[in-house]
Every structure is written in structure tokens, then in C-alpha cells.
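The values are calculated or read from the model by the stated rules, or taken from the named source; none is laboratory data. Just so it is clear, the structure is predicted and the values come from calculations on it, not from any experiment. Every residue, glycine among them, receives a Cβ derived from its backbone with ideal geometry; neighbour counts consider all protein chains shown.
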Amino acid sequence: MKNFFVVLGGMGTMATESYIHAVNELTKGKNDQDFLDYILVNHATIPDRTAYILDHTKPSPLMPLLDDIKNFNQLKPAFYTLPCNTAHYFYDELSKACQAPLLNMPQETVKEIRMKYPQAKRIGVLATEGTIKYGIYDQEILNAGYELVNPTAEIMQLTMDLIYTGVKKQNYVDRTLYHTLVKKMVEELNCDAIILGCTELSVAQEREPVTNLPVVDSQIVLAQRTVDLARKMRK
């Protein structure tokens, strides 16, 4: 197999499934051969990213991810994707280990804001506590000239409940809670656009979409960039 890509997934499994579904939908194939060549690594036993970021005595996800990359480098993929926002805490180390490009989810998501909401100035981020605390999106947002808006403590706790208790633990999206979180970011914090900076939030958007507020779904952005790059390399 030539010109294939590797998906470093499993963080979590339902979010990875949602990402792959988005990639296949965006490919718009009319027969088997129209679809993309890729290898999906659903490494579900990788330690929790947020737990490690908040407490470095917890097991680190870095070595398992580096081991995966080392193994798949031998197959010579055209590029890698990492459909987990929080795992981008390790982006520099992972990118250096890859012998092919590793798409940068936060970077590509912030680029999308300019195209989708050109008048936006205040950009809010809904994500895990690890992503927020360590500013995985912060520099990309600030470098693009936007004002960064992080969630309040209340919104942060409710977001973690939605991600961990709802999607991860029960494979369930609380529609009311999800829509309330996005609404609070717009109405209470005056955000012009809200980044869904966790792929479990992307699962929520897939199942219970917010259609009347300015949402930028990082997973859909990554899926589209994946399809675009894969098609380019196929040619």
C-alpha cells in the first residue's frame, strides 16, 4: 500500500470512530477505490492525557505514542494524524519522532476560524481541563491576532462532566448540557466563535449539533485537512 496515512487514535475510542466516519463522509467516494488508504491505530489503553497533564505522577501517554510512531515509521506512511486535542500537549516530541508530517489539530482549527467567521475577534475554547490549563490552543489563537476566552470554573466543570461522565463513561451526549455550554460561551463570555477543542465535544456536535451559534469543530477541521492532504498525495 502506497500513499497511506496513519491515524494515532483511541483517545477516546468513540471520538476516533467519529473522526473516521467524518473522513469517510468527506471523501464522498462513489466506489471502493475512491476512498482513502489509511491505517487506524485504536490504542485505547494509552493513559489518560488530562490526568497526566494535571499530575505528572500519573502514567504518561508519551512513551506509548512514541512506540506507536516508531513501529509505523517502518511502513513509511505519507503522514500521520492525531485526533485528540489534549494529546497535542506532546506535539513537538511526537512530530520529531514521525518520519512524515504530523497534522497539527489546534493550528488547523484556528486557521479555519478566519475562513468561517472572518469578523470574529473573541475566540472561546471548550475543552478538557488539561487542554485549557496548559494552553494547547492559546498560542495559536493569540498568534492569529484573536482575543482568547477561556471557560469559567463553572463551565469548565460542566464540560468535564459532559466529556468524562457522559461521552467517555456512558457513550451518551446530554443535549441540554452541551447546548447550554456553547450558549454560555456566547452570551455570558461574549465569544464570537467557540472552538470545540476536545474530540468528545465533537461527538456531541455530531449527535446533537448546535446549528445556530458560531462553533468550529476541531475534529471536522482535522478530518477535512486529512482528506485534502491524502487526495493531494494520491495525485
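For the reader, a short list of remarks on this structure follows.
- D228 fulfils the conditions (1) outside the structural domain of I39 (by TED's automatic domain parsing); (2) farther than 21 Å from Y52 by Cα except for a single criterion, (1).
- Among the candidates K169, K111, K183, K133, residue that is of a type in the set (D, E, K, R) and in contact with an Asp or Glu (Cβ under 9 Å, 6 or more places away or on another chain): K111
- When the test is whether a residue is out of contact with any Lys or Arg (no Cβ under 6 Å at 6 or more places or on another chain), within 26 Å of I132 (Cβ to Cβ), modelled with pLDDT of 95 or more and not assigned by TED's automatic domain parsing to the domain that holds T128, L75 does not pass it.
- Condition broken by S202, with the remaining ones in (1) farther than 18 Å from E147 by Cβ; (2) over 13 Å from the mean Cα position of the chain (by Cα); (3) crowded, with 21+ Cβ neighbours inside 10 Å; (4) of a type outside the set (F, W, Y) satisfied: (2)
- Residues of region 53-71 classified as over 26 Å from K232 (Cα atoms), among the aliphatic types (A, V, I, L, M) and surrounded by 16 or more Cβ atoms within 10 Å (Cβ to Cβ), total: 4
- Of all residues in region 212-230, those that are without any contact (Cβ under 8 Å) to a residue 60 or more places away in the chain have Cβ atoms under 8 Å from Cβ atoms of residues that are of a type in the set (D, E, K, R), 6 or more apart or on another chain, in L213/K183.
- Counting the residues of region 155-173 that are touching a residue at least 24 places away in the same chain (Cβ under 8 Å) and either more than 21 Å from A87 (Cα to Cα) or of a type in the set (D, E) (or both) gives 2.
- Flag for L177 being free of Cβ contacts under 8 Å to residues at least 24 places away in the same chain, among the aliphatic types (A, V, I, L, M), in contact with a Leu (Cβ under 7 Å, 6 or more places away or on another chain) and not assigned by TED's automatic domain parsing to the domain that holds S18: yes
- From the list V216, V186, V221, V173, the one residue that fits, being among the hydrophobic types (A, V, I, L, M, F, W, C) and in contact with a Phe, Trp or Tyr (Cβ under 8 Å, 6 or more places away or on another chain), is V216.
- Some residue of region 129-137 being assigned to a helix (DSSP H, G or I) and among the charged types (D, E, K, R): yes
- Test: residue in region 97-108 that is touching a Pro at 6+ places or on another chain (Cβ under 7 Å), outside the structural domain of Q157 (by TED's automatic domain parsing) and either surrounded by fewer than 19 Cβ atoms within 10 Å (Cβ to Cβ) or over 27 Å from N190 (Cβ atoms) (or both): yes
- Test result for E187, surrounded by fewer than 16 Cβ atoms within 10 Å (Cβ to Cβ) and within 21 Å of G135 (Cβ to Cβ): no
- Of all the criteria given as (1) surrounded by fewer than 17 Cβ atoms within 10 Å (Cβ to Cβ); (2) over 29 Å from K235 (Cβ atoms); (3) touching a residue at least 12 places away in the same chain (Cβ under 8 Å), the one not satisfied by T50 is (1).
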